[in-house]
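Let me begin by presenting the structure, written as C-alpha cells, before commenting on it.
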Amino acid sequence: MKILFLSSEVVPYSKTGGLADVAGALPAALAEIGHELLVATPRYGHIQPPDGLEALDPPLTLRFPFGPQAAHYALHGRAPNLRVLFIGNDAFFARPGIYNDPSGSDFPDNHRRFAFFTLAALSGAQHLGFVPDIVHFNDWQTGLGPLALRRGYAGTALARAKSVFTIHNLAYQGLFPKRVMEDLGLPWDVFTPEGLEFYDHVNFLKAGLVWADALTTVSPRYAQEIQTPEAGYGLDGLLRRRTGDLHGILNGIDAREWNPAEDPYLPARYDQDALDGKATCRRELLSRFGLTTTDGPVFGIVSRLAGQKGFDILIPALEHALGEDIRLVVLGSGEARYEAGFRALQQHHPDKVGLRFGFDVALSHLVEAGADFFLMPSLYEPCGLNQLYSLRYGTVPVVRAVGGLDDTVVDVDADLAHGTGIKFGPYDAGAAAHAIGRALELWRDPPRLRAVRRRGMHQDFSWTRSARAYEALYRSLVRPESAAGQQLPAARKAQ
Ligand code: ADP
C-alpha cells in the first residue's frame, strides 16, 4: 500500500515528545514490511538538511483568505520505500520553537501554521504524483486533514484515499476562536456540534475525529479511558459514537535507538545476560548529577514537566521517601512550578537529589541505563515510552496503572511469575509513597530484583508488532471485503 503520513514532529529531525518517536519509527517499520511511505513534516529552522536532500522547485502557492503562502518542498530518501517530504515556509517555520516561543507561550498563528502544513502535505503528495491508499494523520496539528480530503480534494485522485487519524494525546486539541473559520476559509456548514465546533470554538482535533474513516490511539487501555467523561476532555460522547471505528494500538520502541547492548550514549554496554555494564552506567550517572555513590537505589525521571505526568503527587511522596538512603535524578523540561518543586527537594536533600532542566537526548539514555527504578506516576498516559525504554534497560518502572502504563507493566506482587514493575492505583501522594516503599523492598531482595529486571529486558515492544496491527487496519479500510473476519485491534468498551 501507499501511505502518506503527516506529523508535526518526526525523529530525528524534530521532537517535543512521544509523537516524534512514533512518527520516526512507525513509517520505517511499515516500509520494512513492504509498504511505500511518504512522511510529510514541517521544515523547522533548526533542522540540519540531511544528506541528499533534494529541493523540488518551484514552490507551490496555496491560497488562504489571509494571503497566498508558498510551500517549498524538499525530499529526502531515508530508506528503501521511505521518503520524507519537508515542507518549508520561513515565515511559519523558521522560528525558535515548534509550537511555542522560548517563554512557553503558544505562537498566535498556530492555526495558520498547521492548517498550511496539512494542506501543503496533501498538495505536495499530489504534486509528486504520489497517490496514497491511506493518509495517516496525527494529533490536532493535522486535524483538518480528513475534512480537507473529503471536501477540498473531492474529485481528485487523493480523494479515493482512506483516512486514519491517531490520537497521541486527547488533551491537546488545537482550540481556536471562531474567527479562525473566516481566517482559514473554512465552510460555515461544518461549524456545528456534529462538526468541528466545540463550545463556540474551532477544534482541530475534533475535525479529525469526525471526518477520518478510522481512529486509533496509542494503547488499548487509553482507547477505553477516552470514552469516559473523566478522560474524554469533552469528546468522550463523540468517541463513544465512533467506538466501532476506534482502535487501541500500542506504540513500539525503536529497538535500535534504545538498545543497552549497542547504545553509543553509554559509558558501558550491557544485556540481560551480562548486567555489569549497568553498574558502570550507574556510577557515571551519579557523578554526572554530582551525587555520591550509595548502596541504596537510584530513582530516575525523564519527562516533560507537565500536570499530566503526576508530579503533584510525586513530589510530596518523594519528600517522604528521601528520608531513606536513596538517590533521585531528574531530567525534565516544562512548567516552572514543577522545577520549583524539585528544587525544594534538592534544597532539603542536596546530597541525594540531582536535577537537570532542559531537553537532552544523550542524558536521557544515561538516566534510563544508570537508574535502578524509573518513576512514572502519570495522571493519564496515552501510551508512554519511557516505561518501555526502562524495561529494555533493566530499570524497573514504578508507574500508576493508567493508559499505556497499565497495558505494558505487570505488577511484581500481583503476578509473581510475570511481574516486570511496580504499579499503584489511586492518584494520591500516599499511594505513590507506598509504591516507592515497595521498590525499596524489592531492592533489598537482590535475587528477586534480578529476576524482575531480566523479565523486563525480555519483553518485546518492537515496532514490527505494532506496524502489523496498523497494516491490518489499513487493509480493512482499503479492501473491507478481504479483511472480513480478520482480527483487528479493538478498543475495549467503556465501562
Ligand atoms: P510524552 O509524549 O507525553 O511527552 P512519552 O513517554 O510518550 O511522553 O514520550 C516522551 C519522549 O520524550 C521520550 O522519548 C522521552 O525520553 C523524551 N523526553 C521527555 N523529556 C525529555 C528531556 N527533558 N530530555 C530528553 N528527552 C526527553
*Can you tell me the dipole magnitude for the chain around its Cα centre, using point charges on the Cβ only (Lys, Arg +1; Asp, Glu -1), in Debye to the nearest 20?*
560 debye
*asked:* Quick one: 3J(HN,Hα) in Hz for the stretch 122-133, Karplus 6.51/-1.76/1.60 with θ = phi - 60°, rounded, Gly and Pro as x.
replied: 5, 5, x, 4, 4, 4, 7, x, 8, 9, x, 7
*Run the dipole for the stretch 112-258 about the Cα centre, Lys and Arg Cβ at +1, Asp and Glu Cβ at -1, nothing else charged, and hand back the magnitude in debye, nearest 20.*
240 debye
*asked:* Quick check for you: with a 1.4 Å probe and neighbouring chains kept, what is the accessible area per residue of the stretch 412-460, in Å²?
replied: 50 Å²
*Net charge of Cβ neighbours under 14 Å - reference Asp411; Lys, Arg +1; Asp, Glu -1*: 0
*asked:* As I understand it, the value is the acute angle between the Cα axis of helix 429-443 and the longest principal axis of the Cα atoms of the chain; what does it come to in degrees, rounded to 10?
replied: 60 degrees
*Report, to the nearest 10°, how far helix 336-348 tilts away from the longest principal axis of the Cα atoms in the chain, using its own Cα long axis and a range of 0 to 90°.*
10 degrees
*Evaluated at 4 °C with a viscosity of 1.567 mPa s, what Stokes-Einstein diffusion coefficient in µm²/s does the chain have when Rh comes from the Kirkwood expression over alpha-carbon pairs?*
55 µm²/s
*Enumerate the calculated ³J(HN,Hα) couplings along the stretch 350-361 in order (Karplus 6.51 cos²θ - 1.76 cosθ + 1.60, θ = phi - 60°), each rounded to whole Hz, writing x wherever the residue is Gly or Pro.*
x, 7, 10, 10, x, 10, 9, 9, x, 10, 9, 5
*How many times 2.2 N^0.38 Å is the alpha carbon radius of gyration of the stretch 2-248?*
0.95
*Out of Phe92, Ser105, Phe64, whose Cα points farthest toward the positive end of the dipole of the stretch 2-248 (charges: +1 Lys, Arg; -1 Asp, Glu; placed on Cβ)?*
Phe64
*Roughly how many percent of the accessible protein surface of the stretch 2-248 is carbon and sulfur, given a 1.4 Å probe and a whole-percent answer?*
51 percent
*Taking only Cα atoms, what is the 0 to 90° angle, nearest 10, from helix 463-478's long axis to the longest principal axis of the chain?*
30 degrees
*Solvent exposure, largest accessible area first (probe 1.4 Å, DNA, RNA and ligands not counted), of His76, His348*: His348, His76
*Å² per residue, accessible surface of the stretch 2-248 at 1.4 Å*: 37 Å²
*Assign unit charges at the C-beta atoms only (+1 for Lys and Arg, -1 for Asp and Glu), then state the dipole size of the stretch 276-457 relative to its Cα centre in Debye, rounded to the nearest 20.*
440 debye
*So what's the gap between the Cα centers of the stretch 334-370 and the stretch 423-447, to the nearest angstrom?*
20 Å
*Show which lysines lie in cross-link reach of Lys206 when reach means a straight Cα distance below 28 angstrom and same-chain residues fewer than eight apart are skipped.*
Lys2, Lys15, Lys162, Lys178, Lys309, Lys493
*Where does the charge balance sit around Asp254 when Lys and Arg score +1, Asp and Glu -1, over other residues with C-beta under 11 Å from its C-beta?*
0
*Quick one: which of 132-140, 185-193, 461-469 comes out on top by average Cβ neighbours within 10 Å, and what's the full order, highest first?*
132-140, 461-469, 185-193
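The values are calculated or read from the model by the stated rules, or taken from the named source; none is laboratory data. Computed from a predicted model, the values in this text were never measured in an experiment. All Cβ positions, glycine included, derive from the backbone under ideal geometry; neighbour counts span all protein chains shown. Side chains are part of the model used for accessible areas, which takes the heavy atoms of the whole protein and leaves out ligands, DNA and RNA. Shrake-Rupley method; radii C 1.70, N 1.55, O 1.52, S 1.80 Å.
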